[in-house]
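> Please see the structure below; I have some questions.
The values are calculated or read from the model by the stated rules, or taken from the named source; none is laboratory data. Everything quoted here is computed from the prediction, not taken from an experiment. Glycine gets a Cβ as well: all are built from the backbone with ideal geometry, and neighbour counts include every protein chain shown.
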Amino acid sequence: MPVRLTPAEETEALKLGSSDIKFLLAREQVEESLQAKMFSVGITTMARFAAIAKDEDDLKKMLKDEFELDASVDLASRVKVAGVLVAFKAASSRSERVTEIEGEMSAKRLQKPLPMSEYTAMRMAWEQRYWPLEDSQTPGRSYVEKRCDDLESGDFRHEPLTSVLSREEDTSECFISFWDSAGQLQLKKGGSSVPEPSNPEALRRRLKLMGTLMMWLGMRHTNRPTLQNLNPQDIEDFLGYLLGEHVWLLTGRAADGSTVATPSWSQLLVYEAAIRRRAFSRMMTDNLTFKEALKESYKDPVTKERYFTTPLALAATNKRPLAFNDNFEGDRSWKTRKAKQGGKGSKGEKGGKGGKGEKGAGKGGKGTKGAKGGKGKGKGHNYCFAYNNSWERCRTRNCPYEHRCLKCGGRHPLYQCSNAESPAAETQGTPE
């Protein structure tokens, strides 16, 4: 039965054709009404057009029976048929050459180029479903080519964020040489890269590009269940988790309300990469959709403990601030303090005469005793700084300094002190 369309149906059918076949038919002056009929029955790509008929005679018969275009009616109809035949020959030649090149590149394990028509079709399909994309929000063509090649080969793994490019960043066209397995010198297209995200906004941009590409692949490969049902809100939920109070804004506080530890930016990037690595692994091996695998991965307690909370706790334990208080800055080890005092100050480990001791408030008087006696001038105390620091905690055997609180002089470290009064810094000697 011949194909007949209403004006409204023609308008909708013209949107179905790929850009390359539209250009080819328009160049040969094929009428839009005939193009719409061809697109409405599924002849929307160059490859399909080239395979729709065995030869010119078969194509003429199809045009006569299905599209009511008979070359024997008059000269005008003969010219219209001639235009379709010329386009058919060009499409056949191009499709054959593209198939040959793709086969050669697959054999040599090279990245196959993505036709511009497919790239444009994926972008248009996404924009029709959601909203228009700026070039900065659109995945770059080389990035899409690489992920399509990974998907075809079955090696679809997480990629570094440095390779996630937008269309405006994907501008460099360079080729690099290499030796293939047969010992022949070959050329392949070199990839671009961008710096790692250095702030939350940069991370947000990279992950949105990654999410947009995954949705593009789902729209192109509708026969792959693992790529379906992903939407922009799923990526926003992932970003909200990473940059919210559970990860980036997480703050460890002591009993007195002071901040003990906060996550570093590099630590956040390591955790984010671990989440995507697990999500892609679950998608490929367990046949979960990427939407389900991503949500399960960032809610997985083992992944968070291994790549985030445990490194955060270890970093908090080993953290060493530049200054502890007004009495001390820099290195708190007793060896360094002894070296700085030299021959002066409080007496050494086994007595001996010292010079001037640590100065306290006022003048004169007896100084602080050393580890085993001795006298010096000045006032103050001889307490161990490392013992009082929760991130150091003195581990020196036979430490020559007293393990007392810097605040009240009690037999406990400063971070466990609950006394409101300061130590008797104005008194002489050490507290009992």
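> List pairs: first residue in segment 221-233 and outside the structural domain of L288 (by TED's automatic domain parsing) and surrounded by fewer than 13 Cβ atoms within 10 Å (Cβ to Cβ), second residue assigned to a loop (DSSP other than H, G, I, E, B) and among the small types (G, A, S) anywhere in the structure, Cβ distance under 7 angstrom, at least six positions apart or on different chains.
Hits for this filter: zero, empty list.
> Filter segment 210-232 for residues that are under 30 Å from P311 (Cβ atoms) and not in a loop (DSSP other than H, G, I, E, B) and give the result.
M210, G211, L213, M214
> Regarding V81, is this residue modelled with pLDDT of 85 or more, over 50 Å from the mean Cα position of the chain (by Cα) and part of a helix (DSSP H, G or I)?
Judged against the criteria, V81 is a match.
> Okay, moving on. Please enumerate the residues belonging to segment 263-277 that are in a helix (DSSP H, G or I) and touching a residue at least 12 places away in the same chain (Cβ under 8 Å).
Within segment 263-277, W265, Q267, L268, L269, V270, Y271, E272, A273, A274, I275, R276, R277 meet the criteria.
> Restricting to segment 26-42, give me the number of residues that are at positive phi and in contact with a helix residue (DSSP H, G or I) (Cβ under 6 Å, 6 or more places away or on another chain).
Going through segment 26-42 one residue at a time, the tally reaches 1.
> Go through R220, R224, R205 for me and flag whichever is on the phi < 0 side of the Ramachandran plot and at pLDDT 95 or above.
Selected residue: R205, the only one of R220, R224, R205 that is on the phi < 0 side of the Ramachandran plot and at pLDDT 95 or above.
> Please find, among L63, L5, L85, L114, the residue that is closer than 25 Å to G140 by Cα and among the aliphatic types (A, V, I, L, M).
Answer to the check: L114.
> Please verify whether V164 is under 30 Å from W248 (Cβ atoms) and modelled with pLDDT under 90, treating the condition exactly as stated.
Against the criterion (under 30 Å from W248 (Cβ atoms) and modelled with pLDDT under 90), V164 does not qualify.
> As an exercise: evaluate S33 against (1) under 43 Å from the mean Cα position of the chain (by Cα); (2) assigned to a helix (DSSP H, G or I); (3) in contact (Cβ under 8 Å) with a residue 12 or more places away in the chain and give the number of the one condition it does not meet.
(1)
> Among the residues in segment 20-28, are any more than 17 Å from V86 (Cβ to Cβ), without any contact (Cβ under 8 Å) to a residue 24 or more places away in the chain and out of contact with any Cys (no Cβ under 6 Å at 6 or more places or on another chain)?
no
> Would you mind stating whether G211 is farther than 18 Å from A274 by Cα and surrounded by 21 or more Cβ atoms within 10 Å (Cβ to Cβ)?
no
> Then there's this: Against the condition at pLDDT below 90 and surrounded by 14 or more Cβ atoms within 10 Å (Cβ to Cβ), how does F88 come out, does it pass?
In short, no.
> Output yes when any residue across segment 245-262 is touching a Pro at 6+ places or on another chain (Cβ under 9 Å), part of a helix (DSSP H, G or I) and outside the structural domain of N419 (by TED's automatic domain parsing), and no when none is.
no
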